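I have placed the structure first, in the form of structure tokens, so that the comments after it can refer back to it.
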Amino acid sequence: MSNAWQKSQFRAENEKHKFGLNHRIDSIEILGHLNNFGFFIETLVNRHLLFLNQTGVIDEFSYARISISKIMERLIYIFKDDLNNNKVHLNEITNLFSLRNKTVHFTPDNAIALKPKISELIQIWSQSIKIITKFEQKEKFNEENFSKRLEEHIIEIKTHWT
């Protein structure tokens with residue numbers, strides 16, 4: 001047993017770890033990522049709605065109503081034209097918030113369901129990049145582009161882990 005442990009420690013430190021895209025992540029730590037990433041997207045949506053309000057695109061009454069609606073309704077409002085023209089899709093974002101809700105209401109059944117595939121996470125991140133890019137193009141804030149950072153992280157994960 002001791003020899004097997006030492007060999008496994010040596011291999012973990014010296015060999016590359018590669019996972020297939022269908023590999024399911026069943027670590028409890030994925031709960032934090034899903035929760036934090038959902039919060040990140042929701043924060044950007046709220047910031048964008050405030051931007052639309054401050055620039056006069058959304059009046060005060062509409063902003064007050066939209067800002068308290070569910071996250072997917074806020075996204076649908078923001079991207080209604082892009083959705084109608086098939087330029088934006090929200091299916092993976094819907095999946096993100098479904099997974100996040102399972103983390104918030106963690107039960108034994110949800111523990112079984114919370115084993116996303118690596119490919120599923122990459123799809124969520126990739127769709128998020130498209131939405132974040134649209135926000136960045138409209139807002140034109142003088143800050144680091146979140147979309148580029150997220151894209152770099154996806155490349156790093158694909159290169160080193162898959």
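From the list ASN3, ASN22, ASN36, ASN86, exactly one residue is at positive phi and polar (S, T, N, Q). Which is it?
ASN86
Do we have any residue at all in segment 124-142 that's surrounded by fewer than 14 Cβ atoms within 10 Å (Cβ to Cβ), under 30 Å from HIS160 (Cα atoms) and touching a residue at least 24 places away in the same chain (Cβ under 8 Å)?
yes
Yes or no: segment 80-96 includes at least one residue that is in contact with a Gly (Cβ under 7 Å, 6 or more places away or on another chain) and either modelled with pLDDT of 95 or more or not basic (Lys, Arg) (or both).
yes
Can you run down the residue pairs with Cβ atoms below 6 Å, 6 or more apart or on separate chains, where the first is in segment 38-60 and without any contact (Cβ under 8 Å) to a residue 60 or more places away in the chain and the partner is small (Gly, Ala, Ser) and part of a loop (DSSP other than H, G, I, E, B)?
Note: pairs meeting the criteria are LEU49/SER67.
Among (1) farther than 30 Å from THR159 by Cα; (2) out of contact with any Lys or Arg (no Cβ under 9 Å at 6 or more places or on another chain); (3) touching a residue at least 12 places away in the same chain (Cβ under 8 Å), where does LEU99 come up short?
(1)
If you check GLU73 against the conditions, is it of a type in the set (D, E, K, R) and surrounded by 15 or more Cβ atoms within 10 Å (Cβ to Cβ)?
So GLU73 fails the test.
The values are calculated or read from the model by the stated rules, or taken from the named source; none is laboratory data. All values reported here derive from a predicted model rather than from experimental measurement. So basically every Cβ, Gly included, is an ideal-geometry build from the backbone, and we count neighbours across all protein chains shown.
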